[in-house]
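Step one of this worksheet: look at the structure below.
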Amino acid sequence: MLNDVLQRNRDWSAKRQAQEPGYFTRLAAQQAPEFFWIGCSDSRVPANVVAGLDPGEVFVHRNVANIVHSSDMNLLSALEFAVEVLAVREIIVCGHYGCGGVKAATEGLPQGLTYHWLEPIRRLARAYAVDLGREPDMEGRRDRLAEFNVVEGVRRVGETPILQRAWARGANCRVHGLIYGLKDGLLRDLDCSIGPGHFNEEWAQ
């Protein structure tokens with residue numbers, strides 16, 4: 001199977017070079033994406049593919065269920081690099097319907113690392129129990145919970161000292177929440193975007 005992957009890579013490289021001579025030379029010269037994408041690790045939701053972007057146009061961090069943990073040094077390091085070095089203008093937190101992480105959070109799991117990782121989703125399920133109860137079935141409740149998780153992720157990104165510092169120095173960087181439909185391939189705006197002026201705190205100055 002590894003040989004198959006390597007052959008597919010050679011075929012893709014040759015096709016891309018034929019379509020756009022010098023493509024890889026140009027791509028190697030610099031990284032200047034406009035977007036930073038915080039998404040789910042699900043193999044069916046590759047950021048540049050679903051957003052119709054080329055490699056080099058989006059800087060990506062992915063984890064199980066696109067959770068924004070305030071103690072996740074991997075995420076925070078990527079966010080800091082995106083904002084302070086790459087100077088991205090748009091940050092996207094993107095979840096998806098039919099999320100396995102959301103499903104796992106609502107089921108009984110062994111008390112392993114995944115169980116602890118998914119705690120923020122269980123917390124959201126408790127906080128929005130009334131809203132979730134209005135959905136007609138479990139699939140609807142889980143999809144709604146996936147939306148709440150995205151909105152919460154947008155808020156938590158905006159609360160980071162990284163964004164607060166950026167906004168304080170005048171950076172026009174915005175954070176958006178999207179959700180992807182596996183069944184139709186469409187991204188939906190959850191209308192929870194935030195930008196400069198949100199969550200200003202003295203400690204962020």
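The values are calculated or read from the model by the stated rules, or taken from the named source; none is laboratory data. Fair warning: this is a prediction, and the values are worked out from it, not measured in the lab. No Cβ is skipped: glycine too gets one built from the backbone with ideal geometry, and neighbour counts run over all protein chains shown. Quick note on the areas: whole protein, heavy atoms, side chains included, nothing else; ligands and nucleic acids left out. Shrake-Rupley method; radii C 1.70, N 1.55, O 1.52, S 1.80 Å.
In this structure, the amide hydrogen of D42, modeled 1.01 Å from its nitrogen in the peptide plane, lies closer than 5 angstrom to those of A65, counting only residues at least 5 positions away or on a different chain. Between V58, V85, V150, the Gaussian network model of the chain with springs among Cα atoms under 10 angstrom shows the greatest mean-square fluctuation at V85. Excluding the site residues themselves, the longest part of the chain lacking any GluC sites (Glu not before Pro) in a DSSP loop with at most 11 other Cβ atoms within 10 Å is 1-106.
Loop-located trypsin sites (Lys or Arg not before Pro) across segment 125-181 with a Cβ neighbour count of 15 or fewer within 10 Å are R134, R169, with loop assigned by DSSP.
For segment 96-205, count the residues as N, evaluate 2.2 N^0.38 Å, and divide the Cα radius of gyration by that value, please.
Values: Rg = 16.1 Å, N = 110, 2.2 N^0.38 = 13.1 Å.
Segment 96-205 yields a ratio of 1.22.
Taking the charge dipole of the chain about its Cα centre, with +1 at Lys and Arg Cβ atoms and -1 at Asp and Glu Cβ atoms, the residue from S13, V49, W117 reaching farthest to the positive side is S13. Taking the DSSP beta bridges with both ends in the chain, the antiparallel portion is around 20 percent. Rounded to whole numbers, the Karplus 3J(HN,Hα) couplings from phi for segment 141-158 are 5, 5, 5, 5, 5, 4, 5, 4, 5, 5, 4, 5, x, 4, 4, 5, 5, x Hz, using 6.51 cos²θ - 1.76 cosθ + 1.60 with θ = phi - 60°, and x at Gly and Pro. Amide H to amide H, with H built 1.01 Å from N, C192 comes under 5 Å of G177, counting only residues 5 or more places away or on other chains. Working note: 222 nm ellipticity from helices only, DSSP H runs with n ≥ 4, each -39,500 (n - 2.57), summed and divided by the residues of the chain, gives -13000 deg cm²/dmol to the nearest 500. What percentage of the solvent-accessible surface of segment 36-196, computed with a 1.4 Å probe over protein heavy atoms, is contributed by carbon and sulfur atoms? That fraction is 53 percent.
Rg then Dmax, both in Å and based on the Cα atoms of the chain: 18.6, 56.
Given a 1.4 angstrom probe, what's the average accessible area per residue across segment 36-196, in square angstrom? Numbers along the way, then the final one.
Values: 7650 Å² over 161 residues.
Per residue, segment 36-196 has 48 Å² of solvent-accessible surface.
Around the Cα centre of the chain, unit charges on the Cβ atoms of Lys, Arg, Asp and Glu (plus for the first two, minus for the last two) sum to a dipole of about 240 debye.
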